[in-house]
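Only one structure is covered here, and it is reproduced in the block below.
The values are calculated or read from the model by the stated rules, or taken from the named source; none is laboratory data. Predicted, not measured: the structure shown is a model, and the values here were computed from it. Cβ placement follows ideal geometry from the backbone for every residue including glycine, while neighbour counts extend to all protein chains displayed.
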Amino acid sequence: MRIRSKLTGLALAAALVPLPAQALEIFACEPEWAALAQALAPEARISSATHVFQDPHYIEARPSLIARLRRADLAVCSGASLEAGWLPALQQRAANPKVQPGRAGMLFAAEQVETIDQLDHVPFAAGDVHPEGNPHLHLDPERLRQVAAVLSSRLGQADPDRAAQYRAAYLRWSLHWQQRMEQWQERAAPLRGHTLIVQHSTFDYFWRWLGLEVIADLEPKPGVPPTPGHLASLVERVSGEQPLAIVHSWYQDPKSAHWLAEKTGLPVLGLLSTTAPERGIETLEQLFDHLLTQLLEQVSES
Ligand SMILES: [Zn+2]
């Protein structure tokens, strides 16, 4: 009888010890938000719906993504219509109340900062424009920091037991990030005032932050793939100019950039538009280091 009561006592004690809360499940629409979540919540289970070789404007609402969103405690996406072609379908089919629009578990980065290039109205046949402004804001380190602050409090809301941990992680990260931003700005001094030809507005925040200027876009209208007529018109338009390079993202077909390069003698530069763990660029810090190195090499060669 004594043994039995002792066991009961142990069982009771075990029941009173709080079990560690389960790791958060985080669904990121793009790799940059997975990387940011990883920095602030290293124990969470984080996955990204897209990778660096995919165009985040257009992906398929695959069943595996629906299943992941169904399990998610928190979803982090760019917003500003970037995912308008696929995220609503995922949200609807996942039927997870935590990540429906307007809920604290659904974080849109573009709603936390001031976006650039907002449109009062979308002109007829404007192309695939984002009226809420440019959604590719993760390439501005300052706006990224603002999103990180909101993300850390949303993490705390989703997982109150670890709220203090998330807050501390954000403060550490933010302090370090601030120092890195100053270093990047210093390192970028030789880039200031240079011009570029681009394909889509993917890096517009980054160019602005660095003081680079876009003089032409291979897309005739935002989101519309390059056409032979538009490319031909660019040959004349950029003659006499000395842009650093014709820039495209890794997920884009580089053939238009190469065509223009052949006609103009300008170099082509393919850049990572987001973190790429498959290429050893796992953190946002590594991404910015990498992008700066790529651009500075272009200056030393020009
Ligand atoms: Zn876009």
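For this structure, a couple of remarks:
- Pairs, first over 15 Å from CYS77 (Cα atoms) and touching a residue at least 60 places away in the same chain (Cβ under 8 Å) in region 129-155, second part of a helix (DSSP H, G or I) and within 14 Å of the ligand (Cβ to nearest atom), C-beta under 6 Å, six or more apart: ASP140/TYR205
- All of TRP209, TRP177, TRP173 fail the test of being away from the ligand (no atom under 16 Å from the Cβ), under 20 Å from the mean Cα position of the chain (by Cα) and within 26 Å of GLN252 (Cα to Cα), apart from TRP209.
- Qualifying residue in region 59-74 (condition: within 16 Å of the ligand (Cβ to nearest atom), part of a helix (DSSP H, G or I) and of a type outside the set (S, T, N, Q)): no
- Residue in region 218-239 that is within 20 Å of THR293 (Cβ to Cβ) and touching a residue at least 12 places away in the same chain (Cβ under 8 Å) present: no
- One residue from LEU90, LEU107, LEU139, LEU155 being within 15 Å of the ligand (Cβ to nearest atom) and either surrounded by 19 or more Cβ atoms within 10 Å (Cβ to Cβ) or at pLDDT 95 or above (or both): LEU139
- Matching residues, region 180-206, being among the β-branched types (Val, Ile, Thr) and away from the ligand (no atom under 16 Å from the Cβ): THR195, ILE197
Let's see how each residue does on (1) within 16 Å of the ligand (Cβ to nearest atom); (2) over 12 Å from ILE197 (Cα atoms); (3) touching an Asp or Glu at 6+ places or on another chain (Cβ under 8 Å); (4) of a type in the set (A, V, I, L, M):
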{"site": "GLY223", "(1), (2), (3), (4)": "yes, yes, yes, no"}
{"site": "LEU234", "(1), (2), (3), (4)": "no, no, no, yes"}
{"site": "VAL247", "(1), (2), (3), (4)": "yes, no, no, yes"}
{"site": "TYR251", "(1), (2), (3), (4)": "yes, yes, yes, no"}
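- Where THR264 falls short, out of the listed (1) among the polar types (S, T, N, Q); (2) over 27 Å from SER300 (Cβ atoms); (3) buried (at least 16 other Cβ atoms within 10 Å of the Cβ): (2)
- Which numbered condition LEU90 fails, given (1) assigned to a helix (DSSP H, G or I); (2) within 18 Å of the chain's Cα centre (by Cα): (2)
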